[in-house]
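Read the structure below first, then the notes.
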Amino acid sequence: MDMTGYELLWLFFTYSFAGWVTGTAGAAARQRKFVDVGFLYGPWCPAYGVGGLLFAIFLTELRDSLFFLFVGGVILSFIVTYTTGFVLERIFHRKWWDFSRKRFQFGGYVSLPWSVVWGLLGVLCIRFVNPFLRDVLKLLPHGVGKIILLVLGIIFIMDFVGTLVGILKVRSSVKKASLLYGVAENLQKTSDEMGGKLTAFVLRRMERAYPRLAAEELLRARREQEKEADAARAKAGVFAVGCCFYKLVCLFLLGAFLGDITETIFCYVTAGKLMSRSSVVYGPFSIVWGLGCALLTAVLYRYKDRSDSYIFCFGTVLGGAYEYICSVFTELVFGTVFWDYSKIPFNLGGRINLLYCFFWGIAAVVWMKVLYPLFSGWIEKIPKKFGTWMTWILLVFMIYDVCLSGLALNRYTVRQTGEGIETFADGWLDTHFPDERMDRIYPNAILVE
């Protein structure tokens with residue numbers, strides 16, 4: 001990723017607005033009337049902006065490989081669409097889109113044909129649109145561009161806060177915050193006017209409307225959710241019922257511990273020596289494995305009874321994409337590469353390789369078919385009050401551990417440049433986490449420019 005923060009912010013707002021225009025036009029074509037597709041007051045859809053940012057950050061280095069660029073676009077669009085649909089449903093208690101009755105869908109949030117379209121759009125964005133936008137930005141004076149971004153950022157934040165206030169139904173706060181209310185009202189009017197004009201433009205060119213999603217489909221999805229909720233209430237005295245927050249946190253902790261132990265044993269068998277595989281400075285925990293277990297469980301919970309081949313294929317693709325994203329993230333944030341598969345055949349940029357992707361697939365099957373039922377049963381046997389307190393204590397400890405590890409890694413990277421102590425915190429980190437200790441915790445870490 002070779003784009004600056006200034007350029008990325010422009011991409012976010014550009015794609016957010018373009019996504020709103022696209023969604024509004026699509027809704028007009030289906031329903032023959034204006035439908036505000038965004039959940040904010042203004043004419044922008046942040047999900048599209050986030051998707052554009054993720055494309056730019058994680059896919060730019062794949063621009064010379066059309067196949068992997070396309071696959072990366074499909075996977076990232078899957079992640080963004082699924083996450084957005086899931087979160088919006090939890091916030092508003094209704095589905096904003098539903099593919100439940102379509103073929104090749106996942107969870108009702110994602111449709112394979114649309115993911116393919118987004119994969120193609122990812123190729124277009126990286127190969128053509130983003131370079132074009134960068135050239136256009138060069139024509140805009142940098143100072144003027146910063147001022148525009150500042151204004152857009154302030155309006156966007158006020159819009160987002162106003163929307164949250166509306167969701168929480170704190171009407172008194174809205175009335176007191178007259179400026180916030182005025183901005184939200186004006187944004188809504190502007191959005192409605194633009195949407196009305198766009199809808200009229202689309203309808204003039206539509207010969208017929210596409211069939212609207214039947215209400216029975218939404219009702220059926222709602223009944224399924226209600227049945228799951230009723231089952232959970234019937235077991236209200238049990239700790240961490242189903243795929244809830246407490247269950248996922250416990251699985252994250254177990255996955256982080258078991259992942260570290262598994263990698264340690266694997267390295268000992270293959271390399272003949274013991275080495276740390278931990279992601280944090282305190283305790284044998286691999287954050288990559290812990291998050292992988294929690295995410296895999298959250299996504300595949302509804303499909304845990306599907307065939308081994310289904311889970312294997314899904315785990316192979318999702319695991320490879322997850323490992324790739326983690327590699328890019330750690331390099332961008334910490335300036336460090338924690339694994340390099342450049343010398344292993346069938347690798348992609350040294351970040352992932354086909355053999356380990358298959359390993360992710362096997363791990364997914366073992367996890368969902370063997371380990372998850374076992375661990376889930378153990379977790380639900382924990383007394384509810386004790387389990388609640390234990391989960392929060394361990395979660396706070398893990399957050400502290402991760403934050404401290406990030407600071408120690410950042411300071412370790414800075415020390416390699418020869419910079420000295422500037423603050424008290426620098427001195428404390430140098431004393432408690434010197435190079436020798438960091439090399440022992442992260443033996444495979446490679447600093448990058």
Positions within region 61-75 being open to solvent by 10 Å² or more (accessible area, probe 1.4 Å) and not basic (Lys, Arg), in sequence order: Glu61, Leu62, Asp64, Ser65, Leu66, Phe67, Phe68, Phe70, Val71, Gly72, Val74, Ile75
Residues that are touching a Pro at 6+ places or on another chain (Cβ under 9 Å), closer than 23 Å to Ser376 by Cβ and open to solvent by less than 40 Å² (accessible area, probe 1.4 Å), drawn from region 248-285: Ala256, Asp260
Lone qualifier among Ile362, Ile344 - being assigned to a loop (DSSP other than H, G, I, E, B) and at pLDDT 80 or above: Ile344
Members of region 28-50 found to be among the small types (Gly, Ala, Ser), touching a Phe, Trp or Tyr at 6+ places or on another chain (Cβ under 8 Å) and at pLDDT below 85, listed by number: Ala28, Ala29, Gly38, Gly42
Matching option when the condition is within 15 Å of Asp401 (Cβ to Cβ) and open to solvent by 60 Å² or more (accessible area, probe 1.4 Å), among Leu291, Leu295: Leu291
Phe78 vs. criteria modelled with pLDDT of 80 or more, open to solvent by 80 Å² or more (accessible area, probe 1.4 Å) and not basic (Lys, Arg): no
Boolean, Pro345 is open to solvent by 50 Å² or more (accessible area, probe 1.4 Å) and touching a residue at least 40 places away in the same chain (Cβ under 8 Å): no
Residues of region 299-323 that turn out to be surrounded by fewer than 16 Cβ atoms within 10 Å (Cβ to Cβ) and not aromatic (Phe, Trp, Tyr), as a count: 8
Filter result (among the β-branched types (Val, Ile, Thr) and farther than 25 Å from Phe68 by Cα) within region 118-151: Val136, Val144, Ile147, Ile148, Val151
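The values are calculated or read from the model by the stated rules, or taken from the named source; none is laboratory data. Treat the numbers as computed from the prediction; the structure is a model and nothing was measured. No Cβ is skipped: glycine too gets one built from the backbone with ideal geometry, and neighbour counts run over all protein chains shown. Please note that ligands, DNA and RNA were not included when accessible areas were found on the heavy atoms of the full protein model with its side chains. Shrake-Rupley method; radii C 1.70, N 1.55, O 1.52, S 1.80 Å.
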